[in-house]
Amino acid sequence: MMMGAATHLSQGWGLHTLDRADDISVDLLRDGQEWDQVELSKGTLDFSGGTAQKLEAACKRGKKLLLVEIPVNPHYDGGKFVYSPDARAAFAKYLRAVADRYGNCIAGFEIGNEINGGGNLGLKYPDGYDLEDTYIALLKDIQTAMGSSHPDIKIIGGSTNMIGTGYLERFFKAGMLNYIDGVAVHPYNGYAYSLPMEIAALKKAMRDNGKEVEIWMSEFAHDHPDQKLAASEGIKSITLMAANGVDAAVWYALYEETWFPNLGLWDGTTIKQQGRAVRLAASKLLRHGNPIKLNTGDPGLFAYRFGQGATIVWGTPRKIRVEGATEAYDAYGNRLSSTSEMQVSEVPVIFIGGNVDNPGTSYVLADTLLQYGTGVWKYFARSRDGGMDPLTYKTQWYGSDLRSAWDAVLALGPEGGLPARDANDPLRALWQWESDKARSVTVKACFHKRQEGGDGIDVMIDRNGKPLATQILTSGQTVISADIDLAAGDKIAVSVGPNQTWGHDVFGMRAKVFKRGSAGTVDCPSWRKVG
C-alpha cells in the first residue's frame, strides 16, 4: 500500500512542504492542479503559473502526485461541474495535457472531491441531466482522451466523504467501474476498528456490479484533540487498510490548519504524534509489504505481520513475550527498552524481526470497542417483550452501520448508536457477550449522550434478560457496573433505549467485561458530539 499525505501547494504552501514530507518518509502527495489555473483563456493551456512550477519541483524531488481534479472552469457550463459534451471534452483534453506535462510523476487523477457532500463540492447537474450517467460520461471522455498514452496514471472516481458505499452503489450499477482504475473514499472515523467491515462492504458492492477496482483512501485522519489517541488510531488504521487490500492511504493533512485543528502531521516545524506514527508506518512497516493477520489464539489480541520484517500488536491489556526481535517501538516511534517483553494495550507496539513467543493473558475478557465486528459481541434490537432482532450491516450515504429490520432508525456502530421509538414501544440497541464457562466478572459501561436536548436515554446492563444496573442519562456521561456470577452459556447484554420520548438520543458507549477483582476504568469513546 502506498502511504501519502495531503498537501496544498496549489493553495499557497511553499516548497518547504517537500522537506516535511521527506522527514516522515512520505513520497505520495495529494494536491491539486485547478483547471482554471491552466486554462486561463478558453482553449489555451498555460503551465507557467506558480502551482505548476511547484508541482514540477515536487516531481524533481522524486515525489508522486495524486492530483484532485474538479471539473469546473468559468469558461464552460457557467462554471458548474461540467455536463455538456463540449465542456466534458475540454476537461478531458486538459487532463491529458496535465498527464503529458508531468508524466509518470502522476500516480493518479481524483475526479471530483467528496461528491456525496453538499456545498460547492457535491455533485449536481441541471435538470434533465441524470446524475450517474452524466458523471460516467465524463469518465468515458477522460478514458478516450488518455487513450493508451499513460497506462501508469490511475483514474480515480467517486471520491466520497467517509466510505460512502451506499452512495457509490448507484454509480457502480450505472457502469462507472468500467471507466475507472480505482475508487476514492475519505474515512474520517473516530476509531480504526470498523475499517475491515467497511472495506469488505465496499468490495462486495463492486463485485456485485461487475468487478473490483483499486481502493484509494485519499483522505483520512482521526479528529481527536489528544494527539496520542489520534496517532494510535492512525497507525492501526494504516495497518487495517493495508491488510484489507487498500491500495493507497493519504493522511489529511501534512500541516495543521486553523479550520482543522486536530488533523495535521506537523504544526509548523514541530512534528506531532500523528506525524511520528505515519513516519513509523512508512519507514518501518509498509516497506516490508502489506501485512497479514496472525492467529494469536486470543480474541482480544491482534497481531499483523508486514512481510517477514515487522509486526504490530494491540489488544486487551497484557504483557507479551517476543523472541528474536532486533528493535521495538511504541506507536509514536519511541524505542522500547526491551525487545523481548512488551506491554500491549489498545495502543500498539511494533517490533522488527522475531515472533510472539508468549501472548500472555489479560484481565479484560471482552471490550465492545476493541472487538467491534470480530464476532466476540453480537448485536441486536430488543423490544419491550424481549424479542431480539439480529442487526444487519447496511451501507449508507456516509459510512455504514448495523441496522434493525424492525425499525431502520435504530443504529449501532463501534462507539455507540441510536435507539428507536419511545416508552410505549421501546426498541433498544444492544451488545451481547456470551460466557464460554462459569466465571465471576465485573461489567462496566460508560455512556455518553452525544446530543443536547430530549428527555434522556435508558441505559442498562443485564444477564440473560434480567436487569442488573440501570440509569436514565439526560446529559453528559455516566458509568454503570455490575458484579455477575456467570454459568457457561450465560449472556451479558449492554443496551440503550429511549426514555419516555424519542429524539436527540444519539449516544456513545464503551463496555468492558473484567475478571472479578481486576476491574479498571472504562472511558467513554472520545469522539465528536452530534448537533
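Here are some notes:
- Residue check, residue 430 farther than 27 Å from residue 186 by Cβ and part of a strand (DSSP E or B): yes
- Considering only residues in segment 101-120 that are over 20 Å from residue 179 (Cβ atoms) and touching a residue at least 40 places away in the same chain (Cβ under 8 Å), the one that is farthest from the chain's Cα centre (by Cα) turns out to be 101.
- Complete set of residues in segment 312-338 that are β-branched (Val, Ile, Thr) and surrounded by fewer than 21 Cβ atoms within 10 Å (Cβ to Cβ): 326
- Selection count, segment 297-311, where residues are surrounded by 13 or more Cβ atoms within 10 Å (Cβ to Cβ) and over 18 Å from residue 286 (Cβ atoms): 4
- In segment 385-422, the residue that is surrounded by the most Cβ atoms within 10 Å (Cβ to Cβ) out of those that are out of contact with any strand residue (DSSP E or B) (no Cβ under 7 Å at 6 or more places or on another chain) and of a type outside the set (Val, Ile, Thr) is 414.
- Residue identified as free of Cβ contacts under 8 Å to residues at least 60 places away in the same chain and under 23 Å from residue 162 (Cα atoms) among 408, 381, 438: 408
- Residue count for segment 473-516 satisfying the condition of being in a loop (DSSP other than H, G, I, E, B) and in contact (Cβ under 8 Å) with a residue 60 or more places away in the chain: 7.
Per-residue answers, yes or no, for (1) in a strand (DSSP E or B); (2) closer than 22 Å to residue 227 by Cβ:
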residue	(1), (2)
293	yes, no
297	no, no
308	no, no
311	yes, no
319	yes, no
332	no, yes
357	yes, no
362	no, no
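- Residue count for segment 316-352, restricted to those that are without any contact (Cβ under 8 Å) to a residue 60 or more places away in the chain, under 27 Å from residue 271 (Cα atoms) and of a type in the set (Gly, Ala, Ser): 5
- Condition check for residue 508: exposed (fewer than 14 other Cβ atoms within 10 Å of the Cβ) and either closer than 21 Å to residue 371 by Cα or in contact with a strand residue (DSSP E or B) (Cβ under 8 Å, 6 or more places away or on another chain) (or both): no
- Positions within segment 148-174 being free of Cβ contacts under 8 Å to residues at least 40 places away in the same chain and assigned to a loop (DSSP other than H, G, I, E, B), in sequence order: 148, 151
For every residue, the table says whether it meets (1) β-branched (Val, Ile, Thr); (2) touching a Pro at 6+ places or on another chain (Cβ under 6 Å).
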residue: 392; (1), (2): yes, no
residue: 415; (1), (2): no, yes
residue: 425; (1), (2): no, no
residue: 433; (1), (2): no, no
residue: 454; (1), (2): no, no
residue: 462; (1), (2): no, no
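- Within segment 1-79, helices (runs of 4 or more DSSP H) holding 3 or more residues that are surrounded by 17 or more Cβ atoms within 10 Å (Cβ to Cβ), touching a residue at least 40 places away in the same chain (Cβ under 8 Å) and among the hydrophobic types (A, V, I, L, M, F, W, C): 50-60
- Looking only at segment 236-256, and only at residues there that are in a helix (DSSP H, G or I) and touching a strand residue (DSSP E or B) at 6+ places or on another chain (Cβ under 7 Å), the one that is farthest from residue 156 (Cα to Cα): 236
- Residues (part of a strand (DSSP E or B) and surrounded by 15 or more Cβ atoms within 10 Å (Cβ to Cβ)) located in segment 268-291: 271, 291
Each value in this text was obtained by applying a stated rule to the coordinates, not by laboratory testing. What you are looking at is a predicted structure, and each value in this text was computed from that prediction instead of being measured. All Cβ positions, even for glycine, are placed from backbone atoms using ideal geometry, and neighbour counts span all protein chains on display.
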